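The values are calculated or read from the model by the stated rules, or taken from the named source; none is laboratory data. Remember, predicted model here, so these are calculated numbers, not experimental data. Counting neighbours? That spans all protein chains shown, and the Cβs are built from the backbone with ideal geometry, glycine included.
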């Protein structure tokens, strides 16, 4: 079986059949693998072939007209991780005797080292600028992301029937979450409640049906993608006029693409900001974990991005009034220390010689002291 045919089997019988969250992006994720190995028999893919593939992934390339672009370690690992899972799945179905990623217990292909703790924060002023330039629907999505921490896919899959208006609770169904587990997210702010109430109304001012997507237009049509709207809002929020070559995101002018990368604001950062703001307000990490839907608190700790001001305030607690004067000689410092030490010793000696200054002086009434001790 060639890899191209195997990829289709994997997609149909594993990804789509199980309704994995990967379903919406599987074709995009498979593309570089199929381009590389499409006509190769799966059984003939060796460890060296994968090594060469990874080496090619690391090479500079042209992306959207920009030369010298490189894939991040995280991007390489996602592609490599998919290939590893596919070949392990092939072993389980007896298409292969073994995977080229391992020889017994020995790991032959290792993942790239990556720093996945992102520290991008969104200030109050940047948030206000984004909301000011965004369209009403994008503005509603930004507020929902900041005030619930929902992922993009979870937001687009949300239905009005998933909202308990009485208890002010959002139910994220397991079929739509990354962990495949249902979780509850409270409606915690007045502006979020106002956003949901506005989205609930159709063009006639009536409530939309329970099966209608929450993030839909006035006629109930789901908002399938908002990448272009997000890019435009981010650029405008930073006083940059977006320039397009043909009207699609990939045709954003080279200068604007670079400016957008320099701003370094991802949609997923809104989820990070939600978690960080909860932590800053004293919410325990265990509760933040449950709100985000993480299986492990270790994952949640990645979102604990304290503001620089908070970190600065924390270390300022070390301030004890000590100073530094480069003009003072070491001998002067030693003399000052000796004087200070001598004074301290003299004070201790004086206290022990004068019983009236001892805090542990005996009670005037021994009987009362005895009774108290019992």
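Listed values, structure above:
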| item | result |
| --- | --- |
| Options 271, 167, 243, 183; residue that is closer than 30 Å to residue 296 by Cβ and free of Cβ contacts under 8 Å to residues at least 60 places away in the same chain | 167 |
| Filter result (in contact with a helix residue (DSSP H, G or I) (Cβ under 8 Å, 6 or more places away or on another chain), crowded, with 18+ Cβ neighbours inside 10 Å and over 13 Å from residue 196 (Cβ atoms)) within the range 153-174 | 154, 157, 172 |
| Criterion violated by residue 72 - all others in (1) in contact with a helix residue (DSSP H, G or I) (Cβ under 8 Å, 6 or more places away or on another chain); (2) surrounded by fewer than 13 Cβ atoms within 10 Å (Cβ to Cβ) satisfied | (1) |
| Selection count where residues are loosely packed, with under 12 Cβ neighbours inside 10 Å and at pLDDT 80 or above, scope the range 58-68 | 2 |
| Qualifying residue in the range 21-43 (condition: under 29 Å from the mean Cα position of the chain (by Cα) and in a loop (DSSP other than H, G, I, E, B)) | no |
| Unmet requirement for residue 274, which otherwise passes all of (1) within 25 Å of residue 179 (Cβ to Cβ); (2) at pLDDT 90 or above; (3) not in a helix (DSSP H, G or I) | (3) |
| Residue match in the range 91-99 (condition: out of contact with any helix residue (DSSP H, G or I) (no Cβ under 9 Å at 6 or more places or on another chain) and part of a helix (DSSP H, G or I)) | yes |
| Residue ID - farthest from the chain's Cα centre (by Cα), chosen from residues in the range 1-20 that are part of a helix (DSSP H, G or I) and in contact (Cβ under 8 Å) with a residue 60 or more places away in the chain | 6 |
| Conditions (1) surrounded by 13 or more Cβ atoms within 10 Å (Cβ to Cβ); (2) in contact (Cβ under 8 Å) with a residue 12 or more places away in the chain; number of the one not met by residue 210 | (1) |
| Single condition residue 55 does not satisfy, out of (1) more than 22 Å from residue 268 (Cβ to Cβ); (2) surrounded by 16 or more Cβ atoms within 10 Å (Cβ to Cβ); (3) free of Cβ contacts under 8 Å to residues at least 60 places away in the same chain | (2) |
| Members of the range 198-207 found to be closer than 15 Å to residue 138 by Cβ and exposed (fewer than 14 other Cβ atoms within 10 Å of the Cβ), listed by number | 198 |
| Flag if residue 130 is over 26 Å from residue 77 (Cα atoms), assigned by TED's automatic domain parsing to the domain that holds residue 232 and either touching a helix residue (DSSP H, G or I) at 6+ places or on another chain (Cβ under 8 Å) or crowded, with 21+ Cβ neighbours inside 10 Å (or both) | yes |
| Check on residue 83, assigned by TED's automatic domain parsing to the domain that holds residue 14, surrounded by 14 or more Cβ atoms within 10 Å (Cβ to Cβ) and under 21 Å from residue 104 (Cβ atoms) | yes |
